[in-house]
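Everything on this sheet refers to the single structure shown next.
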Amino acid sequence: MDFYEVINKRRVVRDFEDKIVPDEVLARIINAGLKAPTHDHLRNWEFVVIKDKKDKENALQFVKQGIEPTLDILKQTLVNGTLQQKMYAIAMPRQYSMLFNSSHLILPFFKSNSGVMHPASVSSLNPFASIWCVIENIFLAATAENLACSMRIPVGEEGLNVAKAIGAPENYLLPCYIGLGYPAKDKPSVEQIEYTAEQKIHWGKWQQ
Ligand SMILES: Cc1cc2nc3c(=O)[nH]c(=O)nc-3n(C[C@H](O)[C@H](O)[C@H](O)COP(=O)(O)O)c2cc1C
């Protein structure tokens with residue numbers, strides 16, 4: 001698939017077909033993640049990949065309790081737009097199913113330091129920024145394989161609880177859960193707010 005076709009096709013998907021992705025495809029996608037830029041040259045990233053239903057239940061046991069605080073955040077962010085509201089209306093009821101019903105549940109981890117949780121400047125967040133480069137590579141590689149990903153951000157203590165439940169070392173943090181699978185054909189389409197470069201580029205100086 002052409003690079004720009006991949007970029008334009010990539011969507012967060014929350015409904016999957018009941019079909020297993022071959023492990024060698026998963027490996028290609030994780031390898032694409034590992035090609036991401038890295039702030040310290042070390043690529044201190046690890047991936048817990050779960051296919052078994054019981055193991056998924058264990059990893060996802062904290063999702064439901066994280067949804068209430070998410071709804072509170074939503075009430076504060078729903079300021080200006082029905083498109084955003086429509087997206088949340090589709091996304092919120094699927095926070096568990098979009099991960100449980102995936103072929104492979106991927107839990108990416110990055111090695112943290114004290115700066116990440118108490119940043120003194122933007123650069124203190126470099127380990128966090130790097131893992132998000134990894135995550136985007138994973139999404140794009142999945143798209144190139146005609147697959148798709150769901151994604152959820154753990155809220156409050158959720159991420160720490162998941163990390164403990166699956167036995168991750170204490171200095172590794174979970175930025176999000178990723179569900180990988182074949183997108184369902186009858187999934188609801190989520191309308192996007194679209195911008196063009198012309199609307200967003202400020203040549204020379206920031207034009208108000
Ligand atoms: C930092 C970040 C956090 C997100 N958190 C969630 C989440 O917790 N649950 C969810 O269903 N989608 C989540 N999303 C996905 C967004 O809802 C989605 O990317 C957005 O609606 C745009 O749609 P698109 O990715 O299909 O273009 C998140 C995306 C980002 C970048």
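Considering every residue within the range 125-139, establish whether at least one is farther than 23 Å from Leu42 by Cα, within 14 Å of the ligand (Cβ to nearest atom) and in contact with a Phe, Trp or Tyr (Cβ under 9 Å, 6 or more places away or on another chain). Break it down into steps so the answer makes sense when it comes.
Start the filter on the range 125-139 by keeping residues that are farther than 23 Å from Leu42 by Cα, which leaves none.
Within the range 125-139, none of the residues are farther than 23 Å from Leu42 by Cα, within 14 Å of the ligand (Cβ to nearest atom) and in contact with a Phe, Trp or Tyr (Cβ under 9 Å, 6 or more places away or on another chain).
So, in the range 170-191, of the ones that are of a type in the set (Ser, Thr, Tyr) and not in a loop (DSSP other than H, G, I, E, B), which residue ends up surrounded by the most Cβ atoms within 10 Å (Cβ to Cβ)?
First, pick out the residues of the range 170-191 that are of a type in the set (Ser, Thr, Tyr): 172, 177, 182, 189.
Those still in the list that are not in a loop (DSSP other than H, G, I, E, B) too: 172, 177.
Details: Tyr172: 17, Tyr177: 25.
Residue satisfying both the conditions and the ranking: Tyr177.
Is there a residue being part of a helix (DSSP H, G or I), more than 16 Å from the ligand (Cβ to nearest atom), within 30 Å of Met92 (Cβ to Cβ) and small (Gly, Ala, Ser) anywhere in the range 8-28?
Here is the first cut: in the range 8-28, the residues part of a helix (DSSP H, G or I) are 8-9, 23-28.
Subsequent filtering for residues that are more than 16 Å from the ligand (Cβ to nearest atom) retains 23-28.
With the extra rule that they be within 30 Å of Met92 (Cβ to Cβ), the set shrinks to 25-26.
In the following step, the residues that additionally are small (Gly, Ala, Ser) were identified as none.
No, every residue in the range 8-28 fails to be part of a helix (DSSP H, G or I), more than 16 Å from the ligand (Cβ to nearest atom), within 30 Å of Met92 (Cβ to Cβ) and small (Gly, Ala, Ser).
Quick one: is Ala129 free of Cβ contacts under 8 Å to residues at least 12 places away in the same chain, surrounded by fewer than 18 Cβ atoms within 10 Å (Cβ to Cβ) and of a type in the set (Gly, Ala, Ser)?
On the way: free of Cβ contacts under 8 Å to residues at least 12 places away in the same chain: no; surrounded by fewer than 18 Cβ atoms within 10 Å (Cβ to Cβ): yes; of a type in the set (Gly, Ala, Ser): yes.
When the stated conditions are applied, Ala129 does not pass them.
Here is a list of conditions, (1) away from the ligand (no atom under 16 Å from the Cβ); (2) modelled with pLDDT of 95 or more; (3) on the phi < 0 side of the Ramachandran plot, and Asp40 meets all of them except one; can you say which number that is?
Result: Asp40 passes all but (2).
Condition check ((1) touching an Asp or Glu at 6+ places or on another chain (Cβ under 9 Å); (2) more than 17 Å from Leu34 (Cβ to Cβ); (3) assigned to a loop (DSSP other than H, G, I, E, B); (4) modelled with pLDDT of 95 or more) across all residues:
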| residue | (1), (2), (3), (4) |
| --- | --- |
| Pro93 | no, yes, no, no |
| Leu99 | no, yes, no, yes |
| Pro108 | yes, no, no, yes |
| Trp132 | no, no, no, yes |
| Glu136 | no, no, no, yes |
| Val162 | no, yes, no, yes |
| Ala168 | yes, yes, yes, yes |
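Would you confirm whether or not the range 133-147 contains a residue that is buried (at least 19 other Cβ atoms within 10 Å of the Cβ), in contact (Cβ under 8 Å) with a residue 12 or more places away in the chain and more than 23 Å from Val25 (Cβ to Cβ)?
So far as the range 133-147 goes, no, none of its residues is buried (at least 19 other Cβ atoms within 10 Å of the Cβ), in contact (Cβ under 8 Å) with a residue 12 or more places away in the chain and more than 23 Å from Val25 (Cβ to Cβ).
Every residue, every condition in (1) in contact with a Cys (Cβ under 6 Å, 6 or more places away or on another chain); (2) surrounded by 11 or more Cβ atoms within 10 Å (Cβ to Cβ); (3) over 26 Å from Lys185 (Cα atoms), yes or no:
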| position | (1), (2), (3) |
| --- | --- |
| Tyr4 | no, no, no |
| Lys19 | no, no, no |
| Val25 | no, yes, no |
| Asn31 | no, yes, yes |
| Leu34 | no, yes, yes |
| Pro37 | yes, yes, yes |
| Trp45 | no, yes, yes |
| Lys51 | no, yes, no |
| Lys54 | no, no, yes |
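The values are calculated or read from the model by the stated rules, or taken from the named source; none is laboratory data. Note that the structure is a prediction, hence the values are computed from the model and not measured. In this analysis, Cβ positions are derived from the backbone assuming ideal geometry, glycine residues included, and neighbour counts consider all displayed protein chains.
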